[in-house]
Amino acid sequence: MTVQNNSKEKAELDIKSIVEQVQTGDIHAYTEIIRCFQKPIYIYCYYLLGNKEEAEDASQDIFIKGLENISKFSYTVSFSAWLYKIAHHHCIDLIKKKSKGYKFWTSFKKDHAYKHTHEQEFQYDDIIHELLEQLHMDERRILLLRSIEEYSFDEIAAIMELKPTTVRKKYERLRKKLLKKSKLGGEIYEHSFKTGG
């Protein structure tokens, strides 16, 4: 087993004990869950919603929903996958509410959440935004969950309420589509695409 797998398993065990504390009434332990997941959930919301303030508000709402529903959580999936499922549905609801005439990603450059000091890093981030603009919402979600959050097809299927085989097919189509886009894009993103389960 690799060091990365060991540390991932240890983190999941730590989260499991924190979840159990919260489920038995220690609400203060939930602050540790927020600390662990605050940044990745914010980034996920930001890439789906395209706006810093909306992503911050959405993140807060997601953690509130998580706390309200934690008593219903059981380990049929990992806790992080369960939390991402809440995030997924919350962001979809927000997008549906404002979808009338709303153009996704148009304000990305104005509302850019990160200030980069290295030009190469800035260009990479710019390319990510341009790439995401060209994708359908389902494709964006699968790309974020698979390549950035490194979830398995089974976990993504649980989050998005799809069959794992459907997720796998969509991901493979998306992978081929993006690697065809341009030589530059292909070189940059090829390393991001996970293969296997």
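Just so it is clear, none of the values below were taken in a lab; they were calculated from the coordinates. Just so it is clear, the model here is predicted, and its values are computed rather than measured. Cβ placement follows ideal geometry from the backbone for every residue including glycine, while neighbour counts extend to all protein chains displayed.
Among 133-145, 20-32, the peptide with the highest mean count of other Cβ atoms within 10 Å heads the list, and the full ranking is 133-145, 20-32.
Rounded to the nearest whole Hz, the Karplus-based 3J(HN,Hα) values (6.51 cos²θ - 1.76 cosθ + 1.60, θ = phi - 60°) of segment 75-88 follow the sequence 7, 7, 9, 5, 4, 5, 5, 4, 5, 5, 5, 4, 4, 4, with x at glycine and proline.
Taking amide H as placed 1.01 Å from N in the peptide plane, residue 77 has no amide H partner under 5 Å among residues 5 or more places away or on another chain. Packing-based ranking of 73-82, 48-57 yields 48-57, 73-82, ordered from highest to lowest mean Cβ neighbour count within 10 Å. Quick one: P(r) of segment 20-102 from all Cα-Cα pairs, 10 Å bins, percents rounded to integers, in order of increasing distance. Cα pair-distance distribution for segment 20-102, in percent: 17, 50, 25, 7, 1.
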